[in-house]
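The values are calculated or read from the model by the stated rules, or taken from the named source; none is laboratory data. Please read these numbers as outputs of a predicted model, since none were measured by experiment. Please note: Cβ atoms are built from the backbone with ideal geometry, for glycine as well, and neighbour counts cover all protein chains shown.
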Amino acid sequence: MSSQYDVLALGAGHNGLTAAAYLAKAGKKVLVLERKAWPGGGVVTREINTPGYWHDEHSSVHIMIQGNPLIRDDELGLIARFGLKYRYGTPYAMIFSDQTTLVAYKDLDRTCEGIAKISPRDADTYRRFAERAIQMLPMFSAGLYAPPLPLGAFVAMMDQNDEGREILDAMQRSSLDLARQYFESEKVRIWLLRLVSENLQLPDELGTGFGMFLMPGLMHGYGVSQPIGGSGRLTEALVRCIEHHGGEVRCNAEVRKVLTSGGRAVGLELTTGEQLRAKDAVIAALHPHVLRRFVAGVPEPVLQRAERTTLAAFSIMVSHYDLKEPIRYHAGGEVEDAIMLEFMASDRLSDMLDDFDALRRGRISERVLGAGGDESIGDPSRVPPGCGLFHGITFAPYDLEAGGAARWDEIREEMGERSLRHYQRFVKNLTADNIIRRTIVTPLDHARNMPTSMPGGDVHGLAPYFYQTAGHRPTPDLSQYTVPGVERLYLVGPFMHPGGGVYGAGRATAIRVFDDLSIDFEKVVAAHS
C-alpha cells in the first residue's frame, strides 16, 4: 500500500469528503482517513436498532446545501452519476398544543394563505420577508459556499446600499427582536423563531437575526429536502465520486498528529504509528479547541484565540424509534409530508422563551422543545413494507446543571421518556404496542462519536454569533481555512464558514486549496469526467 499521496484528509465527515472529491476530480491522488468504521460524520444513515430500519444518526434535513453549486449545478455529478436523489416535501410545519397547524410550503402564496388565517397583517409581512430573501439568494449563494471576505471588508461592502445595511442590521440583532418588531401573532412569532433556532441558536441571542431572512429564502427559493434512502446517501455519493476519480476512503484509521517539516504540513501519523505523506496538502477536520493536540508549530496567540471560540448554548438529543406501522398525527395528515416538523407544548411565546432559557442554564424543561417525524411516510425505502420509523430531535444542553455532561449516561432513558411523553401529545400511535425498539443518542454521545469536530456535543461546530461569522469564523486567524505557522494545512468542518448543518461547506476549503496549487477551479468543475 502506498504511503505517498498528493492530498491527505483527516476525517470523513461530509465536508471533508466534499473537499476531497473536488481535489480528486482535479486529478489529485487523495486519501481520506476516518477514525470510525464508516464515513460521514454526522451525515450517516445506518440500521441502528433493527435490520431493515434505516435511521439518520442525527443530520436529517438538507436545506442549506440546496443553494450550493455542488448540488444546484451538480458540479461533482453526485446526482447525474453517483446515485444521489433528493425528495422535496413540504419544507416546514408546526403543530401547536391545541393541534392546530401552521405550514410553510415551497409555494409562497399557499404559505401566506395559511398565515392569513391567523393574521392577515403577518401574512403580508411574511410575504415581503420571503420575497426579499428570494431576491437575495444569488448574493447569499456567492458568499456562503466560497471562502469569506475578511469581516471588515464584508461589513464595508454591505454598508454600501439599503439592502446590505438591512442584512447587516439583522446579523447583529436577535431573531426575537426581529420577530417582535415585524409580526403581531404569538403563533407566527413562535413558528418563525423555532425555524431559525434549528441553527442551534437562542431566540434572544444577539447576532442571530440573519436567519430570519436566510431560512425563508432557502425554503421558498430552493426547497427543503432529504436524500432518498436517508441523509447518508449524500456521504455514499461523495465516496463513490472520490473512488471514481482514483481516490480512497479508509475507515478504522485514527490520526494521532499532523506531520510537519520546515513549517509545512507534510503528512499524517496514525495511532498505529503508520506515517502517510502528502505532497500538496493536508486537509483536517480539527476543531479550534483540539488544534493544539494535533499540530505543532502554530503560534501560541493563534491557539489561544482558537480555544476561546464559543460553542452553542445547547445541543440535541436524538430518539430513534422502529415502529410496526407509520405514525398518525392528532392534527391530521397535512403535516405528514413536512421535512421539518416542530411540536409545540405551549402557544405562549413566554413559555417557549422560558424553555430556551432553561437550556442556557443546563436544564431541560418538562415542556420539551421537540421536533421529528416519520421519515418513512415520504420514503418507504427506509423501512420494511408497511412499517414506520420515527426520528425525534429534542434540544438539550451538553453540560447539565446537575452533574455536568457525564450525567447523561445516568439520565439517558429518563430523558428519552420525557421526550416520548412530549411526542405522544401530538402522535396517536407512538405507543408501546407500536414501538419495536428505541435508541437514545445524547449530546455526550455526539462528543464521543466526533471528538475532533464536535467537542462539547455541538453538532454545528460553533455558535452562530456575529463575532463568529464570515471572516471571523472560527477566528480571524483561521477563517481562510489555513493555519498560521503551518503551510499547506487546511481546515474543514462545521466550525468553519459558513456554519453547521449540511452545507457541503468543504467546497470552500477546496477552492482555497485550488488557489494555492494554481488550479483553475471553474475549469475543473466544468469538466465532464
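Of note:
- D159 vs. criteria in contact with a helix residue (DSSP H, G or I) (Cβ under 8 Å, 6 or more places away or on another chain) and more than 21 Å from M215 (Cα to Cα): yes
- Whichever residue in the range 157-199 is polar (S, T, N, Q) and farther than 23 Å from G461 by Cβ and, among such residues, is surrounded by the most Cβ atoms within 10 Å (Cβ to Cβ): S185
- For the residues L84, L70, L137, L78, the requirement of being surrounded by 15 or more Cβ atoms within 10 Å (Cβ to Cβ), at pLDDT below 95, closer than 28 Å to V524 by Cβ and of a type in the set (A, V, I, L, M, F, W, C) singles out L137.
Yes/no per residue for (1) surrounded by fewer than 24 Cβ atoms within 10 Å (Cβ to Cβ); (2) modelled with pLDDT under 95; (3) within 22 Å of the chain's Cα centre (by Cα):
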residue: Q201; (1), (2), (3): no, yes, yes
residue: M219; (1), (2), (3): no, yes, yes
residue: G223; (1), (2), (3): yes, yes, yes
residue: L234; (1), (2), (3): no, no, yes
residue: H244; (1), (2), (3): yes, no, no
residue: G262; (1), (2), (3): yes, no, no
residue: Q275; (1), (2), (3): yes, no, no
residue: A285; (1), (2), (3): no, no, yes
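- Against the conditions (1) touching a helix residue (DSSP H, G or I) at 6+ places or on another chain (Cβ under 9 Å); (2) not in a loop (DSSP other than H, G, I, E, B), G83 satisfies every one except (2).
- Within the option set A153, A170, A146, being under 23 Å from the mean Cα position of the chain (by Cα) and part of a helix (DSSP H, G or I) holds for one residue only, A170.
- Identity of the residue in the range 1-56, among the acidic types (D, E) and in contact (Cβ under 8 Å) with a residue 40 or more places away in the chain, that ends up nearest to L323 (Cα to Cα): D56
- Selection from the range 356-381 of residues that are aliphatic (A, V, I, L, M) and part of a loop (DSSP other than H, G, I, E, B): I364, V368, L369, I377
- Test for G52: is it crowded, with 24+ Cβ neighbours inside 10 Å and either closer than 30 Å to L389 by Cα or touching a helix residue (DSSP H, G or I) at 6+ places or on another chain (Cβ under 9 Å) (or both): no
- Matching helices (runs of 4 or more DSSP H) fully within the range 442-529 where at least 3 residues are crowded, with 21+ Cβ neighbours inside 10 Å and in contact (Cβ under 8 Å) with a residue 60 or more places away in the chain: 506-516
- Residues that are touching a Lys or Arg at 6+ places or on another chain (Cβ under 9 Å) and outside any helix (DSSP H, G or I), drawn from the range 115-135: I118, S119
- Where a residue in the range 221-245 is under 25 Å from P138 (Cβ atoms) and touching a residue at least 40 places away in the same chain (Cβ under 8 Å) and its partner, wherever it lies, is buried (at least 24 other Cβ atoms within 10 Å of the Cβ) and among the aromatic types (F, W, Y), with Cβ under 8 Å and at least six apart: V224/Y92
- Residues of the range 219-274 classified as closer than 30 Å to A93 by Cα and in a strand (DSSP E or B), total: 3
- Among residues that are part of a helix (DSSP H, G or I) and surrounded by fewer than 19 Cβ atoms within 10 Å (Cβ to Cβ), R437 is not included.
- Options P91, P150; residue that is touching a Gly at 6+ places or on another chain (Cβ under 8 Å) and either surrounded by fewer than 18 Cβ atoms within 10 Å (Cβ to Cβ) or farther than 28 Å from R507 by Cβ (or both): P150
- Among (1) touching a strand residue (DSSP E or B) at 6+ places or on another chain (Cβ under 8 Å); (2) part of a helix (DSSP H, G or I); (3) farther than 30 Å from Q4 by Cβ; (4) not aliphatic (A, V, I, L, M), the one test that G164 misses: (1)
- Residue within the range 412-426 that is assigned to a helix (DSSP H, G or I), touching a strand residue (DSSP E or B) at 6+ places or on another chain (Cβ under 6 Å) and among the charged types (D, E, K, R) present: yes
- D74 being without any contact (Cβ under 8 Å) to a residue 40 or more places away in the chain and within 23 Å of G41 (Cβ to Cβ): yes
- Members of the range 326-356 found to be without any contact (Cβ under 8 Å) to a residue 60 or more places away in the chain and surrounded by 15 or more Cβ atoms within 10 Å (Cβ to Cβ), listed by number: E336, D351, D355
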